[in-house]
Structures are given as C-alpha cells and as structure tokens.
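Accompanying notes for the structure given below.
The values are calculated or read from the model by the stated rules, or taken from the named source; none is laboratory data. Only a predicted model underlies this, so the values are computations on that prediction, with no experimental measurement involved. No Cβ is skipped: glycine too gets one built from the backbone with ideal geometry, and neighbour counts run over all protein chains shown.
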Amino acid sequence: MSGASPGSGADKRNDTLPMNSITASESPSSPSPSSPSQPAAGPRARRAWPSTRAWLAAGQWLVTLLLCAFLIVPVVMSIMAGLTVNYFRGVSSGLTLRWLIEVWTQYHDSVWLSLEVAAATLAITLLTGVPAGYVLARSKTRFARIVEEFLVLPIALPGLASALALLVIYGGFTAFRMSPMFIVVGHVVFTLPFMVRAVAAVCASSDLRTLEEGAASLGASFFTRFMTIVLPNARPGIVAGALAVLTLSIGEFNLTWMLHTPDTKTLPVGLADTYASMRIEIGSAYTILFFIMTMPLLVAMQWLGVDATGQRSASKKRAVSSAKLDDPQ
Amino acid sequence: MKLTSVPITLTQCAKTFRGTRVLEPLNLAIGAGETLVLLGPSGCGKTTTLRLIAGLETPDAGGRIAFGDDDVTALPIEKRAVGMVFQSYALFPNLTVRGNIGYGLKIRRTPAALARQRVDELLGMMRLSAHADKPIDQLSGGQRQRVALARALAVQPRVLLLDEPLTALDARLRDTLRGEMNALLRELGITTVYVTHDQAEAMELGDRIVVMSAGRIEQIGSPRDIYYRPVNRTVAQFVGTINRLAGERRDGMLTTIGGAVPLPAPAATHGSVNTAASTAPANGPHEIFFRPEDARLADPASAQLRGHIDSTAFLGERTRLTIGGAAPEPLVVDVAGRIELARGTPVGISIEQDALIALS
C-alpha cells in the first residue's frame, strides 16, 4: 500500500506538512523527499516483523511467569517454612517433619471435625438444595424469583453478619450452641445457594422438561420421574454443587470464627490459632496439612464430576461412533 | 403387532396461555384406527391440540376430551395410556436403547421375562437389535427416531401421538422413514394423531388432514379434498402451489390480460364453500385458481391464455415454467422435464375446466 497511489501520497504529505507544501500537493508527480523512502519502509518493516513477534512473545511469557511467580512463591515459601527447622535461618538450618507431627498431634481433632461438618453440610444441602433448585427452575412465578434473590443474600452479606444473626437468635440454646451442629447450620446458610444455583442451572437449561414429559407419557408418576429421569440427568449440576459445598465448607473461616467454641474448632479456625499463638513453622506446617487434606478431596470430586456428566466417556465414544452416524441404519 | 384403538373426541377445546388465545374452541372427532394429520404453519395451534390430547395441557374450562366413552379431560398424561413421540424424541440419555424402550414396561411392573420379550420384538421390528445396549448418544438421527417410536409403542398405547417426528432428520432420510412410518401405522391400526408442517408427510400419512391456521381449523378432509377442493385461500396457499387468475367475468367467461377462460357452472364446483363465486354478480371483477400441473401448453393460436416464458426451473422429473403476460400475476405451470423453452418464448396455456378452483 505504500506509495501505491500518488493521490494518497499527496494527501499524506498534505496532512503532515499543511503549511508549506501546497505546491507539492498540486503536483503529485514531483519528487518529494518522503516518497522514495516509503517503498523502502515496506520491506524493512516486513523483515522486522518476526523479531517484533518474538519480542512480544517473550514479553508475554515474562509477564505470565512473573504473575505466576507472584502467586506461587508465597505458597512455596509457606510450605518450605513448615518443613525447615528454623525459618529465620532459612533452609540451611535443615528440613524436618517435626512441625507437621506436632500440628497433627495437637489439631487432628479439627481435621475430623472439619470433615464431619463438611459431610453434614453436604448431606443437608443435597436433601434441601436439589429439590429447591429443581422447583425454582420450573417455577415461573415472581415468588420463585424473589426466593432466588434471598438465597444469594448469605453470599453477599459478610459471614460475620450471618453469624451474628445466628448467635443472637440461637445463642441461648446452650446445647445447640456448643455442638458442631451450630457450625453446620452456619455452613448450610452459606453454601446452600451454591447447590441450589448449580442444580437450577441444569434443570432450567437442558431439555429436562421434555425428558420428563416423555417419562410421563410412558406412565411414570412424578416421584418416579424425579428419581429415574430428573436426578440422573441433573447429575452434572448436583456434582458441581456438591464440589462447591464441600470445598466452601472446609475452607470457611469468617462465619465459623464467630460460631466456634473451644471444642468446635474447624481447620481454618485452627490455622488462625496457630499463626496467632505459635511459631511460624507450626502455622506453615498447618497449611501443609490443610493442603494434603483438601487436595485429594478436590481431585476426587473433580474426577467424579467429569465422569458423572459422562462428558469424558462420551467424547471418547463420539469419536468412535462418528463414522456410524452417517449410516442411516 | 396389532393394537387396540379407540376414537378420540374433542369438544369445545380452547387453550389460552397468559391471556392469549392460542387455540379457538375446537371440535374434532377422530375415528378408531384413523391416522389424522394436523397440518399448518408454526404457531397455528397444531402442537397445542396434540398436547391437549396427550394430557400435557388442559383445555380451558368447558373443553372436553374423550377416548371412546372414557372422559380423560381431567387425567394427566401418565394416566391416559397414550404413546407419544416428541420432535426432539426426548430419549433418556442416562439409559441404553433397551432401557429406553423398556422404560414404560418397567413403570407398569411388567414381569421381567415378558418385558424382555416385548422389547426384543420391538427392537427387531425397528431393526435396532444390533444397537440394543448402546447409549442414545451413539445412535444416528434415524435410529433415534425409531427408538422413540418403539418406546412409545412398547406400552401398547390406546392412542399414538406424533409431534413432527421426522422434522429433525435430513431430507432423504425423511422420505425413507415417511414410507416406513406409513406402512407401520397401517399395520398397527392404532388411532394416530400426527402433527407436521410438511405437506408431503401429511399427504402420504393422513387418512384425513386437518389444516389449521391461527388457532382455527380451516378445513378437514382427505388429502385429495384438501389439495383439489380447498375451502379457502389459506388452505389453498398452504398446501401446494396455486395460481390466481384475476379478471373480468362476462357471459360465463373470465377475461384477463392474455385471453379468456370458460368458468365452470356454479354447481360444478364440488360443493366447496364458494359463496363469493355464486353470489357475485354475473358480470364484474372475478378470480379463479388452478394448480401448476393442471395447465398444459397449447398452440398460442388456439390456447385459452397467451403469454411468454419469464423463467424456467428444471427440477428433474418436471420443468416449472413461470409465464408472464397471461394474467395480472405470473402463472406457474409444470410441464414434463424434457421440455426446454427459452426465456421470452411466446406460449399458450389451456386449463381443464374442472381443474379450476373457485375460492372465497
């Protein structure tokens, strides 16, 4: 495009030199200092391209790696801190499992409690959240939309506020207040929306409604349809919701901090305790423990989730059967 | 396989969704064993009518639906013993082909051995035996369609309801399956209501066709009635292609730009509702219609109408000519495929008198 038409070249010169180039623009064929340089600029720019791109790519890598480092280094440092003999003297002081063992002996009750609370929370959200999500997705009334809005409130409000509300109303029931169920209730309030939303999304989207009509046409009552058609086909949503509920429950701190008693310390509360009152190495070892405990859970749930939707197996099967699809028989 | 069939009667069935009338009060009697096709453009109320019969919708107050002597108006679909094939098939992705076909039998607690035998029989009938244990997502469109049909038939329904069952398939497969479906429905002898917007399907499958438009029944009749004796323009224009000759009526002739056509005597119009034709003054503006295949090319000197070729379209078995200059609107005439005519060629056309259709 450079210097392709004399008219455009003249216009360009006119733009760049508005004051003194009137004569030049009147006679576009007259040689001007800029026109011979323009064809030369083309090849040079083309030669410069690969290196520019290489620079860009290098820059992108640099930014990406720096960002990753920014996020990962503290995690690595924290893990290392939990394994070194003395954090302030650094790794040169030697590596040890002493802190981990110490944390386990002092806080293994928290591990079990956290798991129990998470399991109970999951059970309750499954029993209430799945039907609720289904009904909300089905209902077109204004009331259903209002309920949906209210369900999200515990996420929007600080956990502190929900916890205070629970304490004010139920704090007086001592047995309840002292039991892990009190924390479970808090966690249900906080995690239920995630289950309901995940299930509602699946129920609202897919052609679940037509599937149900199909089942009904074959004589299935509502309960049978729900058990044999709705639940199996809503499984991706249910698994996604369950994953969210479990991880949120295990990691929940705000609300749990307010609700816990010395006997009902969950993992995150214990973590805050150790950092606040013990050596940094113990706190860091606690982080490792947390990590070791939640990772298998997350991986298991993720694996289960992918498998449950049938997406992993389906994509494989689709590749196999794609040839057969052309065959009308 | 032979199924018992019942007649279906709809009495004053209307349907209103959120204050919008989608179906005007409708009376319909479907004979036992009859295949009735509901035909119409989308939004004409045909699917709503089917869903009323199925029990997926309830008619507005006053409407009544009966299967034989059995008033089913208040029964939900699961108690009506109908077989339904959905446009999307609604096959259960969590079950295999066998699981889908056997679902209804399982719900009815049919003894396992009997259920297995029935499913095997249907698998054989639908040529699906080789695919019995595959999940649904491994089947082709045509196979899915047959699974859906087998699943609906497995429970030996009183009535078979089909909601555009071939629409999701490509054209060639649709043609093949249409033939198969026709043979199957004749063999089963079950009362069938078939919804479609495809006139070829309606013509081939229907004992009678109900043409619907804007929530109303326009005409009920045999495929031939609908095609050759449409009662109004909506029907005539929706089913097939139709030409309009507008002109001046004088002495039993319709005179238009390219010539004159003798009009049929009022009595000869096959009893269709041609109030406009019979009450119109003997002289004055008038119009008459005919199908593209009912006109033939004739020597321009002796032809009823003279015009010229505007365009031709070779369609294989026939050539479709568009002829200008013969009537106020271009006329479409179908001739044998081998006839080749250049654009602008002067032509004459003649139309059999009893092929002329008078419409209100």
For this session: Please go through segment B:214-227 and pick out each residue that is in contact with an Asp or Glu (Cβ under 9 Å, 6 or more places away or on another chain) and in a helix (DSSP H, G or I).
Result: B:Pro223
Exercise. So, in segment B:133-151, of the ones that are in contact with a strand residue (DSSP E or B) (Cβ under 7 Å, 6 or more places away or on another chain) and farther than 10 Å from B:Tyr89 by Cβ, which residue ends up surrounded by the most Cβ atoms within 10 Å (Cβ to Cβ)?
Worked result: B:Pro135
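Pick out the one residue from A:Ala165, A:Ala123 that is under 19 Å from A:Val239 (Cα atoms), free of Cβ contacts under 8 Å to residues at least 40 places away in the same chain and surrounded by 13 or more Cβ atoms within 10 Å (Cβ to Cβ). Steps first, answer last, please.
Numbers: A:Ala165 fails: under 19 Å from A:Val239 (Cα atoms).
Within the list A:Ala165, A:Ala123, the selection yields A:Ala123.
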For this session: Identify, from the list A:Leu218, A:Leu211, the residue that is surrounded by 21 or more Cβ atoms within 10 Å (Cβ to Cβ), under 16 Å from A:Ala137 (Cα atoms) and facing chain B (nearest Cβ under 8 Å).
Result: A:Leu211
Exercise. In the set A:Gly219, A:Gly214, which member is touching a strand residue (DSSP E or B) at 6+ places or on another chain (Cβ under 8 Å) and either assigned to a helix (DSSP H, G or I) or not charged (D, E, K, R) (or both)?
Worked result: A:Gly214
For this session: Sort out which residues of segment B:111-127 are within 20 Å of B:Asp170 (Cα to Cα) and buried (at least 21 other Cβ atoms within 10 Å of the Cβ), and write them in order of number.
Result: B:Met126
Exercise. Here are some residues: A:Thr224, A:Thr247. Which one is hydroxyl-bearing (Ser, Thr, Tyr) and touching a residue at least 40 places away in the same chain (Cβ under 8 Å)?
Worked result: A:Thr247
Exercise. Mind checking which pairs have a first residue in segment B:218-230 that is more than 20 Å from B:Pro41 (Cβ to Cβ) and a second that is of a type outside the set (D, E, K, R) and modelled with pLDDT under 90, Cβ under 7 Å, 6 or more apart or different chains?
Worked result: B:Arg229/B:His270; B:Arg229/B:Ser272
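Can you pull out every residue in segment B:154-194 that is basic (Lys, Arg) and either crowded, with 16+ Cβ neighbours inside 10 Å or closer than 25 Å to B:Asp120 by Cβ (or both)? Give the derivation first.
In the first step, residues of segment B:154-194 are kept if they are basic (Lys, Arg); the result is B:158, B:172, B:174, B:178, B:186.
Of everything in segment B:154-194, those that are basic (Lys, Arg) and either crowded, with 16+ Cβ neighbours inside 10 Å or closer than 25 Å to B:Asp120 by Cβ (or both) turn out to be B:Arg158, B:Arg174, B:Arg178, B:Arg186.
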Exercise. Here are B:Gly45, B:Gly62: which of them is surrounded by fewer than 23 Cβ atoms within 10 Å (Cβ to Cβ), more than 14 Å from chain A (Cβ to nearest Cβ) and touching a residue at least 24 places away in the same chain (Cβ under 8 Å)?
Worked result: B:Gly62
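Among the residues of segment A:132-139, is any part of a loop (DSSP other than H, G, I, E, B) and more than 28 Å from the chain's Cα centre (by Cα)?
Step one: filter segment A:132-139 for residues part of a loop (DSSP other than H, G, I, E, B), giving A:139.
Restricting the remaining residues to those that are more than 28 Å from the chain's Cα centre (by Cα) gives A:139.
There is at least one residue in segment A:132-139 that is part of a loop (DSSP other than H, G, I, E, B) and more than 28 Å from the chain's Cα centre (by Cα).
Mind checking which strands (runs of 3 or more DSSP E) fall wholly inside segment B:1-96 and carry at least 1 residues that are of a type in the set (Gly, Ala, Ser) and under 17 Å from B:Thr192 (Cα atoms)? Full working, then the answer.
Working: elements: B:8-17, B:20-30, B:35-39, B:64-67, B:82-85.
Passing ranges, in order: B:20-30, B:64-67, B:82-85.
If I filter segment B:44-51 for residues that are more than 25 Å from B:Asp225 (Cα to Cα) and at pLDDT 90 or above, do I get at least one hit? It would help to see each step written out before you state the result.
Going through segment B:44-51, the residues more than 25 Å from B:Asp225 (Cα to Cα) turn out to be B:51.
Filter once more, keeping what is at pLDDT 90 or above: B:51.
Yes - at least one qualifying residue is present in segment B:44-51.
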Exercise. In segment A:254-306, what count of residues is obtained for those that are under 20 Å from A:Val189 (Cβ atoms) and surrounded by 15 or more Cβ atoms within 10 Å (Cβ to Cβ)?
Worked result: 13
For this session: Would you mention how many residues in segment B:115-128 are farther than 20 Å from A:Thr228 by Cβ, away from chain A (no Cβ under 11 Å) and without any contact (Cβ under 8 Å) to a residue 24 or more places away in the chain?
Result: 3
For this session: Would you check if there is a residue in segment B:92-103 being within 14 Å of chain A (Cβ to nearest Cβ), in contact with a helix residue (DSSP H, G or I) (Cβ under 7 Å, 6 or more places away or on another chain), crowded, with 22+ Cβ neighbours inside 10 Å and free of Cβ contacts under 8 Å to residues at least 40 places away in the same chain?
Result: no
For this session: Could you check how many residues of segment A:221-234 are more than 25 Å from B:Leu161 (Cβ to Cβ) and surrounded by 20 or more Cβ atoms within 10 Å (Cβ to Cβ)?
Result: 1
Exercise. Quick one: how many residues across segment B:331-345 are touching a residue at least 24 places away in the same chain (Cβ under 8 Å) and surrounded by 12 or more Cβ atoms within 10 Å (Cβ to Cβ)?
Worked result: 8
Seminar exercise, completed: Within segment B:298-318, of all residues that are assigned to a loop (DSSP other than H, G, I, E, B) and under 32 Å from the mean Cα position of the chain (by Cα), the one surrounded by the fewest Cβ atoms within 10 Å (Cβ to Cβ) is B:Gly316
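Determine which member of the set B:Leu173, B:Leu161, B:Leu169 is within 13 Å of chain A (Cβ to nearest Cβ) and within 20 Å of B:Asn27 (Cα to Cα). Outline the logic, then answer.
Values: B:Leu173 fails: within 20 Å of B:Asn27 (Cα to Cα); B:Leu169 fails: within 20 Å of B:Asn27 (Cα to Cα).
Answer to the check: B:Leu161.
Per-residue answers, yes or no, for (1) more than 9 Å from every other protein chain (Cβ to nearest Cβ); (2) farther than 30 Å from A:Gly171 by Cα; (3) within 24 Å of the chain's Cα centre (by Cα):
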position	(1), (2), (3)
A:Val188	yes, no, yes
A:Cys203	yes, yes, yes
A:Phe223	yes, yes, no
A:Ile229	no, yes, no
For this session: Scan segment B:132-146 and report the pairs whose first residue is more than 18 Å from B:Leu166 (Cα to Cα) and of a type in the set (Gly, Ala, Ser) and whose second residue is modelled with pLDDT of 90 or more and crowded, with 18+ Cβ neighbours inside 10 Å, with Cβ atoms within less than 9 Å and a gap of 6+ or a chain change.
Result: B:Ala132/B:Val97; B:Ala132/B:Arg98; B:Ala132/B:Ile101; B:Ala132/B:Val119; B:Ala132/B:Leu123
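Filter segment B:301-343 down to residues that are within 22 Å of B:Ala246 (Cα to Cα) and of a type outside the set (S, T, N, Q), then give me how many there are. Explain how you work it out, then say what you get.
Here is the first cut: in segment B:301-343, the residues within 22 Å of B:Ala246 (Cα to Cα) are B:301-311, B:320-334.
Keeping just the survivors that are of a type outside the set (S, T, N, Q) gives B:301, B:303, B:305-310, B:320-321, B:323-334.
Here the count works out to 22.
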